[in-house]
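Novice: Below you will find the structure I want to go over with you.
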Amino acid sequence: MGRLDGKVAVITGATSGIGLRTAEIFVAEGAKIVIAGRRAPEGEALAKKLGAACVFRQTDVTVEAQMQALIAEAVEKFGGIDCLFTPATPITAPWIGQTEITLDGAKYDTRLLTTRFARGINVLGFPALSISCGSSPEGLPIGLQMIARPFEENLLLAVGEALERS
C-alpha cells in the first residue's frame, strides 16, 4: 500500500525537473494525478509512461483561465483534489533590497509579486509546505509549494517525506 493511495494531486511544472520526478513518485505511491506544464510533447509522453493514473493538460500557471481549466479537469476526471503542487512564486527570489520587478513588460511591487501565489492559501488557512527546488542561472533560489485540504497536514508531511527520500 502506497503512502498516497486514494489521493488526487495536481502537479504543475511536471514536464521537467522536480515536477516530473514528483509525478513519478506520486504515481508510485498510489496517487492519481493531473500533470501540467507548458511543453505538450514532454507532458503527453510522461502521461503515457505513467499510465491510467495520470492525465496531462498543457497549462501556463500564470494564466488564470488555464489554471481554472486544469483544476476543473482534475475534479471531473478524479472527483476532487487532495494536494496541489505549484510554484511558490511566479519568479525567482528577488535581490535583497529590490523594491520593483518588471514581468512581461509590467512593473510590480516586489512584496506583492513574490507573495502572489501564497497569499490566498495563507489567508484561507490551507496547510502548505514550501521547499527550495533549485536556483536560477543567477544563483537565486526557486521555490515550490504543496497545498492540501484543510486538516490534511499529514498528507503534506507524507508528500514531503516521499520527495526527501527520492
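Novice: So, in region 133-155, of the ones that are surrounded by 11 or more Cβ atoms within 10 Å (Cβ to Cβ) and over 22 Å from LEU4 (Cα atoms), which residue ends up farthest from the chain's Cα centre (by Cα)?
Specialist: LEU140
Novice: Continuing with this model, one more query. Pull up region 1-44, narrow it to residues that are of a type in the set (Ser, Thr, Tyr) and assigned to a loop (DSSP other than H, G, I, E, B), then point me to the one that is surrounded by the fewest Cβ atoms within 10 Å (Cβ to Cβ).
Specialist: So the residue we want is SER16.
Novice: Sticking with this structure for a sec: Is it fair to say ASP104 is over 16 Å from ASP60 (Cα atoms) and among the acidic types (Asp, Glu)?
Specialist: Taking the combined requirement at face value, the residue does not satisfy it.
Novice: Does region 18-37 hold any residues that are at pLDDT below 95 and of a type outside the set (A, V, I, L, M, F, W, C), and which are they?
Specialist: Of everything in region 18-37, those that are at pLDDT below 95 and of a type outside the set (A, V, I, L, M, F, W, C) turn out to be GLY19, ARG21, THR22, GLU24, GLU29, GLY30, GLY37.
Novice: Any residue in region 130-151 that's touching a residue at least 40 places away in the same chain (Cβ under 8 Å) and of a type in the set (D, E, K, R): show its pairings with residues that are loosely packed, with under 12 Cβ neighbours inside 10 Å and in a strand (DSSP E or B) at Cβ separation under 7 Å, as long as the two are six or more apart or on different chains.
Specialist: none
Novice: Sort through ALA65, ALA47 and tell me the only one that's free of Cβ contacts under 8 Å to residues at least 12 places away in the same chain and either among the aliphatic types (A, V, I, L, M) or surrounded by 14 or more Cβ atoms within 10 Å (Cβ to Cβ) (or both).
Specialist: The conditions single out ALA65.
The values are calculated or read from the model by the stated rules, or taken from the named source; none is laboratory data. Computed from a predicted model, the values in this text were never measured in an experiment. With ideal geometry, Cβ positions are generated from the backbone for all residues, glycine too; neighbour counts draw on all protein chains shown.
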